[in-house]
Amino acid sequence: MSFQYTFEDREEVIQLQLAWANVIKGLTPKVPKAHLDKFLKPLSPKTIHGEVVHLNSPGPFVSEWVKSKYLGLLESGLSDELGQIVRLEFHNIGREISPVKFEDVGKLSSTTRPQLESSFRPNAKYKFENFVVGQQNRMAVAGAKAASLGPESKVNPLFIYGKSGLGKTHLLHAIAHEMVAREPGIRIDYVTAQAFAEQFVLALQSGKIDAFRRLQRNVDVWLVDDIQFIAGKDKTQEELFHTFNTLQQSGKQIILCSDRPPMELFLMDERLRSRFESGLVVDIQEPDTETRAAILLTKASQDDLDLPMEVAILLADAVRGNVRVLEGALTKLAVMASLEGGVITLEMAEQMVEKYYQSSVSAKPRFEQILSAVSRYYKISRDQILSESRQAPIVHARHVAVYVMRKMTGDSWNHLGSLFNKDHTSMMHAYQKIGEKMLCDRDLEATVNSLIREIRPH
Ligand code: ADP
Ligand code: MG
């Protein structure tokens, strides 16, 4: 590293630059060459004011990266050289032509450790910021965030379980993103238990078991998805157990996902199960309606779709099943909208629900059940509720029936209209009216809630 000095340079700046050069020289044997060339050498100290040393940096990526990895070393080294405590301030002067991408960083680290390269690239959509947190996944997210800090977090291994389509794989990818952001050179291996089993069998067949083991074990972080797949496969279990042990003993971070708790994995070896349970075990349950609606809105904005709130709530309510199914409904709706001028409307969503998701309605309380509960409560017959009568008590009972029906089934206005023999606008009107009345009438609110409790199955 060479500097050109002029007489205008003040002495302290010259001193600073010499000190900096010494710090970099001192770091050279300790830092991968690629890091040195790409990140450290492009920095140059400009001035010193009091205890602040101003550094020019080619851009924000380099600055952030250096701060996350080398700030401590640089500051203490420079303080030693200058004989006074200093801290660094980075100034991005914009010579960073394009931000260094994750891929490039991957390449960088692979040049320093070529044989150890892991090819895992987390899906850009699966980040923590795109993951909606609700009551049912709160613990899993907290666990995943803690585990993403690495082995120091003590959440190791982390075991996440839950039914299919509830976000386990998403969380594994989110952990990987987080770790790479913190430490770009980190070696992360993501493997599904199925792929592990297949690679293992292949390695056995081709006599490359040593290479297989080396590859599996040369990682800093081991993410294993769908671990339930190994249940009943004794040889694979044994191999996985050895990998697990090796990694755990060398303090590597391990995160496992499964569709069932460790207790229910049929493992040949008790030891394996207790190892799985030795860190933190968290579960994910199906999200509630509000969380489902929030997930839909998040996905929609991610895909630049204009999803009205009322449509999100309708889908969240009417489309049962896991989050993947819910996403499928959104995609379907987006396709329908694109065929009809590009705008998603409530009517369109109702049609779609009616056409594709009616089967899920059958699991909900039935129309007759709701009618008879309302009829019993108000002492008004079923037929009167369904009649054309405009008498106030009958109209009120009818409106309550509509409200409860809609609330509990999420059925479309059109569908409700056909059940009550009215058009869809009078259904919306009835629903709105009761909703408004409930706001200032505590008795009505209590009545509706107790009707819902009475009708709800279980
Ligand atoms: P699993 O691995 O549990 O079967 P995935 O991680 O593949 O489930 O999730 C299925 C889909 O649902 C993914 O597209 C994922 O992004 C989405 N998803 C699940 N839960 C959430 C959530 N809480 N917020 C946002 N998206 C979610
Ligand atoms: Mg999965």
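Laboratory data are not the source of any read-out in this text; all were calculated from the coordinates shown. On a predicted model such as this, the values are computed, not experimentally measured, just so you know. With ideal geometry, Cβ positions are generated from the backbone for all residues, glycine too; neighbour counts draw on all protein chains shown.
Estimated from helical segments only, the mean residue ellipticity of the chain at 222 nm is -17000 deg cm²/dmol, where each DSSP H run of four or more residues counts as -39500 (n - 2.57).
Taking a ≥ b ≥ c as the square roots of the eigenvalues of the Cα gyration tensor, segment 230-269 is oblate, since a/c reaches 1.5 or more and a/b is not larger than b/c.
Here the 3J(HN,Hα) profile of segment 319-327, calculated from phi with Karplus coefficients 6.51, -1.76 and 1.60 at θ = phi - 60°, is 8, 8, x, 7, 5, 4, 5, 4, 4 Hz, Gly and Pro shown as x.
R0 = 25 Å: FRET efficiency of residue 327 with residue 135, Cβ-based, nearest 0.05?
Working: r = 20 Å, r/R0 = 0.81.
With R0 = 25 Å, the Cβ-Cβ based efficiency is 0.80.
Using the Cα coordinates of the chain, the gyration tensor eigenvalues translate into equivalent-ellipsoid semi-axes of 58, 31, 19 Å, sorted from longest to shortest. Estimated at 0.36 nm per residue, the fully extended path between residue 152 and residue 368 surpasses their Cα-Cα distance by 71.9 nm. Taking every alpha-carbon pair within segment 358-450, the share separated by more than 22 Å comes to 20 percent.
Here each label is just a point 7 Å from Cα along the line to Cβ, and for residue 25 and residue 68 those points are 3.2 nm apart.
Amide H to amide H distances under 5 Å link residue 159 with 256, 280, 281, 282, where only residues 5 or more positions off or on other chains count and H is placed in the peptide plane.
Answer rounded, prolate or oblate for segment 174-232, using the Cα gyration tensor with square roots of eigenvalues a ≥ b ≥ c: rounded when a/c is under 1.5, else prolate when a/b is larger than b/c, else oblate. Taking the square roots of the gyration eigenvalues as a ≥ b ≥ c, segment 174-232 is oblate. Derived from the Cα gyration tensor, the three semi-axes of the equivalent ellipsoid of segment 278-408 are 34, 21, 12 Å, largest first. Seen from residue 327, the other residues with C-beta closer than 13 Å to its C-beta sum to a net charge of +4, counting Lys and Arg as +1 and Asp and Glu as -1. For segment 138-223, the share of alpha carbon pairs falling in successive 5 Å distance bins from zero is 3, 13, 21, 22, 16, 14, 9, 3, 0 percent. Counted residue by residue at 0.36 nm each, then reduced by the alpha carbon distance between them, the extension gain from residue 250 to residue 33 reaches 75.6 nm. Positive-end ranking of 295, 328, 276 along the dipole of segment 213-353, with charges on Cβ about the Cα centre, is headed by 276. When the pairs 332/407; 67/252; 46/145; 127/332 are compared against a 26 Å limit on Cα-Cα distance, 46/145 fall above it.
The spread of Cα positions in segment 244-298, taken along each principal axis and listed from longest to shortest, comes to 43, 25, 13 Å.
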